[in-house]
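> One structure coming up, written as structure tokens, with questions to follow.
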Amino acid sequence: MKIVIAGAGETGSHLSKILSQESQDITVLDANEAKLKQLKTALNIKTVAGKAISIASLKESGVENADLFVAVTPSETENITACVLASELGAKKTLSRIDNSEYLLPENKDFFHKLGISSMIYPEHLAAAEIINALKATWLREYMAFENGTMLLVGIKVRSNAEIVNKQFSSGYFDHARYRVVAIKRPDQTIIPKGSDQVLPNDLVYFITSPEELDFVRKQAGKVEYEVQNIMIMGGSRIAECTAAQLPDHMRVKLIEIDKDKSHALGERLNNILVINGDGRDVELLKEEDIEDMDAFVALTDNSETNILACSVAKRFGIKKTIAEIENIEYIPMSESLDIGAILNKKLLTASHIYQLTLNANISNVKCLTNVEAVVMEFVVKEGSKVTQSSVKDLDLPNNVNIGGLIRDGKGITVNGNTTIQANDHVIVFCMSDSVRKLDAFFH
């Protein structure tokens, strides 16, 4: 598949990294030659120095033969224009990152399609949805639902009080159908568990389970459930506004924004929340606004370091649920080690959604996880595919692949070695990023 990516920022770079591991024909177009040089040194890709709206640069990138053209520069206008030009020059599909949610309305879809824009993505909407999910399930670090919630992938930070800690997989403790542990993340490694492995305190553990067994998973992980009613949001970004506008009515929100004009404008647009003009880094201000009474704290300023620090302060005030937007991808491992709570990165979310466009049609859902270089996918199994021809234990799957669950006739089933997959099953697979294409032979 030939893919041209306009924009060598973190979204474009991360997408390039994922795709380059699969021997795709990738070309990255950007005016910043230093970024391109860095990318080309690290990855097996082509680069073109030039503007995304330059016809000459687009032609040089080979856009006329592109199966997919992706525009993820910082400029919405440049992205839309680049997609229109790329389509006219011969690109089969185009995708534009946008900043205006109005463009996503169903009545506008045909308009943009006629312009040559196949699809658009608004990262702030994706991020807001992640935050709302995180506030509904307060004891989870990551959450992903399949087939309208029939099966779930959840990431949980386990402590020393968890029942599953120090239990080897070979002990038989995990030999039941109530959940399946598909991966364990430690600071220095990601483990696809085998018999001799065990869960240790402070591991980030990924489970596949059904909604009916989620409370059992919570108890096994030593977590306490509590309802979020009072939320403090720091920073009046677009993500903050999208989140505040979509939160349920029973949640009471205080939003702190340092810019006076911006805080007034937000106050006028968001009638259901209290907007405070002030510096969220000011501990005295946080005390005045009753931070001790908050159930959750969400840091959404444009500065990753500020968000990390703010969540650390909120933790010291006893707030159980904290969420930090961290836009510097290289900061994510450090932030996880600091144990500041849930981590949000809209560039990774955007890359996940774009990545799905490059995969086979029988993959109905995909997500690149925030804390590990891994991908979770939902396959719709075809008649006669290799994965249906023997039990899971005899499939000879790659070492870093784990089939966690499946959905059959609307019912979720946890997978074990003796499970036999059938045609039309929706199969949930956890694998490291470099193994995605290896699964084609099993599901094609």
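> Quickly run through the range 192-201 and pick out the residues that are open to solvent by less than 80 Å² (accessible area, probe 1.4 Å) and of a type outside the set (A, V, I, L, M).
193, 195, 197, 198, 201
> I need the full set of residues from the range 116-158 which are part of a helix (DSSP H, G or I) and among the charged types (D, E, K, R), in order please.
Correct list: 124, 130, 136.
> Can you list the helices (runs of 4 or more DSSP H) found entirely within the range 213-327 that contain at least 1 residues being aliphatic (A, V, I, L, M) and under 28 Å from the mean Cα position of the chain (by Cα)?
Because the criterion is at least 1 residues that are aliphatic (A, V, I, L, M) and under 28 Å from the mean Cα position of the chain (by Cα), the helices (runs of 4 or more DSSP H) in the range 213-327 that meet it are 214-220, 238-246, 260-269, 304-316.
> Here's another thing I want to ask about it. Which ones in the range 310-335 are under 20 Å from residue 188 (Cβ atoms) and either of a type in the set (A, V, I, L, M) or crowded, with 22+ Cβ neighbours inside 10 Å (or both)?
326, 329, 332, 334, 335
> Among the residues of the range 333-368, count how many are of a type in the set (Val, Ile, Thr), outside any loop (DSSP other than H, G, I, E, B) and either modelled with pLDDT under 85 or within 29 Å of residue 444 (Cα to Cα) (or both).
4
> Next question. Tell me whether the range 301-322 contains one or more residues that are at negative phi, of a type in the set (A, V, I, L, M) and modelled with pLDDT under 85.
no
> Which one of 313, 401 is of a type in the set (Val, Ile, Thr) and within 25 Å of residue 442 (Cα to Cα)?
401
> Going by what's in this entry, would residue 159 be described as in contact with a helix residue (DSSP H, G or I) (Cβ under 6 Å, 6 or more places away or on another chain) and either closer than 19 Å to residue 403 by Cβ or surrounded by fewer than 20 Cβ atoms within 10 Å (Cβ to Cβ) (or both)?
So residue 159 does not fit the description; no.
> Of all residues in the range 219-238 being touching a helix residue (DSSP H, G or I) at 6+ places or on another chain (Cβ under 7 Å) and open to solvent by 40 Å² or more (accessible area, probe 1.4 Å), which is nearest to residue 209 (Cα to Cα)?
225
> Can you pull out every residue in the range 408-444 that is part of a strand (DSSP E or B) and open to solvent by less than 10 Å² (accessible area, probe 1.4 Å)?
Passing the criteria: 427, 428, 429, 430, 431.
> A further question follows. Among the residues of the range 169-191, count how many are surrounded by fewer than 21 Cβ atoms within 10 Å (Cβ to Cβ) and closer than 17 Å to residue 416 by Cβ.
10
> On the given criteria, is residue 340 open to solvent by less than 20 Å² (accessible area, probe 1.4 Å) and farther than 22 Å from residue 150 by Cα?
Answer is yes for this residue.
The values are calculated or read from the model by the stated rules, or taken from the named source; none is laboratory data. Note that this is a predicted model, so its numbers are computed, not measured. We place every Cβ from the backbone using ideal geometry, glycine too, and count neighbours over all the protein chains shown. Remember, those area values only see protein heavy atoms, side chains included, never the ligands or the DNA or RNA. Shrake-Rupley method; radii C 1.70, N 1.55, O 1.52, S 1.80 Å.
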